[in-house]
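Each remark here refers to the structure printed beneath this line.
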Amino acid sequence: MNDLKYAQERTEYLRKALNHHAYRYHVLDSPEISDEEYDRMFAELKTLEQEYPQLTTPASPTQRIGAAPVEAFGVVEYAVPLLSLANAFSRDDMAAWWRRTCGLLGSDGFETVCEPKIDGLAVALTYIDGLLFTGATRGDGYRGEDITQNVRTIRSIPLSVSREAPPRFEVRGEVYLPKMGFEKLNQRRVEEGLALFANPRNAAAGSMRQLDPSVTAARPLDIFVYGLGWAEGTPVPETHWEVMQWLKSLGFKTNPLITRTRTLEEAQHVYDLWVAEHEKWPYEADGMVVKVDSLLMQNELGAIGREPRWAIACKFPAVQGTTKLQKIEVSVGRTGSLNPYAILTPVRIGGIVISQAALHNEEDIHRKDIRIGDTVIVQRAGDVIPEIVGPVLSLRTGEEQVFHMPLLCPECHFEVIKPDGEAQHRCTNAACPAQALERIKHYVSRDAMDLEGMGEKLCDALFKAGMVKDAGDLYSLTPADLMLLNHMGEKSATNILDSIGRSKQRPLGRLFFGLGITHVGQEYAELLTRHYRSIDALGTASAEELAAIPSIGPRIAESIVAFFRQQRNRDIIRKLRAAGVTLESSTDASHEGRPLSGLIFVFTGHLEGFTRPEAEARVVRLGGKAAQDVSRKVSYVVAGDEPGSKAAKAAKLGIKIVGESEFRQMIGAD
């Protein structure tokens, strides 16, 4: 008993001491002991917890690393949406936002907080009773991927907070990879013969989405917390500046460059200063975020669509350089579009070597008068694909060549056309191999079926070898196929096949998106799952039925019907069915018990806080239905600014008409 009592007292002391020294080292950059002393204390704690497992707690420093790999990421739903920011690209844009905000507040001015816009991965961290409960990615702003085990490996994120913290609260921040850590990570990948990460942001995002937390733990990730999502049970400060100081006192890492400003001129001065200095910072940043300081004013301003009115991201100017345009090549997209791109003499711009750049279409190339052989100005802005601004005319020799789109597809040599009203040329061959390959790449991509390890090079190799002719063939691959084709080891081949197997359980919305139906992006794919619970139900729907769904319309409806009309697409679905891919929604279709269960809404006029698809999606998520036309079955008509004839028809039928503010109350958005 005495031994257990001593062990209990000693583990409590060691945990407290290690958390203190980790905070000094990872958050304050001011260590008080040597690394050797820290390691000795850590080893002692680990030994005690192994000897007395009952003394191990989730908040122990030993629990950051070592959790078993998760089979797949779960979903975390946000009580308060994790919104995106509107962008400003100049001081004038910032001034326009300032004036607009003053007008909305009915004020001559307001205080703001300026923060570096870190180029990383946004996360939300929830704490319950002082312990880290969940960590999640931004996702679609309403739901994110559960990456709790990976978040726990980041040493600057506290596993527990002081008793002064609220019993339940959520903080939001940006996980990033410091520049030095990025260079070391890529150097290690060179030594291991792995593909290099393109930039620190991609490396950070990839690190946080590892199924094995030990992989994440091996990478030097860090975080800056930038705000409070929500809190329950304890009053919080009334300004964003005070919230940040409060979060820092609880043990969270905040950016030391955060600055409080009182006027537009002060905010613009900070912006000018950071534009000049940000390349020297130890992390990538692509702008400055300006936030209204008063939380009361933030609530008053609210949001429009997915962007809060009380904040704006002022992007740093794009970095430019000049180089030679060697040639223009054309790729074929999964919908048959011909996409020109520039092959450049490699040039370093903003710390990244650029060898290719986007060229949107032939009209854009001719408008800018870009010619093969030109010396061109190349622009890179943050994580955006580099683009050619224009040629340096004074350096022309007369040998430059005007570019014209090919008359025949570069992949299948079928006729190329340019449909009326479109900017892009298209291949006329529905069986074009390039389209088939691009569809496979789209199917395996992260936002679609997310087949980890199935990169572009492997897709290319499998397609050229004839092993994979469409997405359905992926599920017939064997370890021997991969080992023979790509000279990879048995473990790597097994990992890829495990990833292919896990993709069979992806939600139906991902499958709808992954099939690559023209005009059906992620948002429309999710919308379709709310009306069709299986691939068969969608495949047999008529164009008229589809077009009646709010936000779909005739163009998308015809595209869906045309997709299922083609035999080759039906063959792919047949292969997916035989392989055991989930073709039906596993979500309970019942809406009973939800706040809007049994209610039908129609929207008319312009809504300030939502786009039409977003408002309809919120209704469906809460158990209701969204309709396009007013009938006696409709429960409510939501009228925004300048409502149309639907409001008049509703009044005639005696249907209740509500404004946007009342609608927000009904869905709990206020």
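Computed values, structure above
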| item | result |
| --- | --- |
| Cα→Cβ-extended label distance, 7 Å offset, between Lys504 and Leu296, nm | 5.9 nm |
| Computed over region 433-579: relative contact order in percent, which uses C-alpha pairs under 8 Å that are six or more apart | 23 percent |
| Footprinting exposure proxy for Tyr443, Tyr142 (fewest neighbouring C-beta atoms within 10 Å first) | Tyr142, Tyr443 |
| Shape call, region 87-315: gyration tensor on alpha carbons, a/c limit 1.5 | oblate |
| Fully extended contour minus Cα-Cα distance, from Thr494 to Arg189, at 0.36 nm per residue | 107.8 nm |
| Reach of Lys46 by Cα under 19 Å, taken over aspartates and glutamates that are not fewer than 8 positions away in the same chain | Asp3, Glu9, Glu12, Asp35, Glu36, Glu37 |
| Helix-derived mean residue ellipticity, 222 nm - over the chain, DSSP H n ≥ 4, -39500 (n - 2.57), to 500 | -10500 deg cm²/dmol |
| 18 Å Cα-Cα reach of Lys315 towards lysines, excluding residues that sit fewer than 8 places from it in its own chain | Lys117, Lys280, Lys291 |
| Order of Asp222, Asp473, Asp369 under a 10 Å beta carbon neighbour criterion, fewest first | Asp369, Asp473, Asp222 |
| Region 433-579 shape via C-alpha gyration tensor axes, a/c threshold 1.5 | prolate |
| Shape call, region 600-666: gyration tensor on alpha carbons, a/c limit 1.5 | oblate |
| Unsatisfied cross-links (Cα-Cα over 28 Å) in the set Lys469/Lys491; Lys5/Lys248; Lys184/Lys324; Lys327/Lys441; Lys253/Lys457; Lys5/Lys253 | Lys5/Lys248; Lys184/Lys324; Lys253/Lys457; Lys5/Lys253 |
| Per the chain, cysteines lacking a partner by the 4.7 Å Cβ criterion | Cys102, Cys114, Cys314, Cys459 |
| Spin-label model distance (nm) - Asp140 vs Thr57, 7 Å beyond Cα toward Cβ | 3.9 nm |
| Relative exposure of Ile304, Ile147, judged by other C-beta atoms within 10 Å (fewest first) | Ile304, Ile147 |
| Tally of Lys pairs whose C-alpha atoms are under 22 Å apart, taken over region 504-655, 8 or more apart or cross-chain | 8 |
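A short reminder: the numbers here are calculations on the coordinates, not readings from a lab. All of these numbers come straight from a predicted model, not from anything done at the bench. Backbone-built Cβ (ideal geometry, glycine too); neighbour counts: all protein chains shown.
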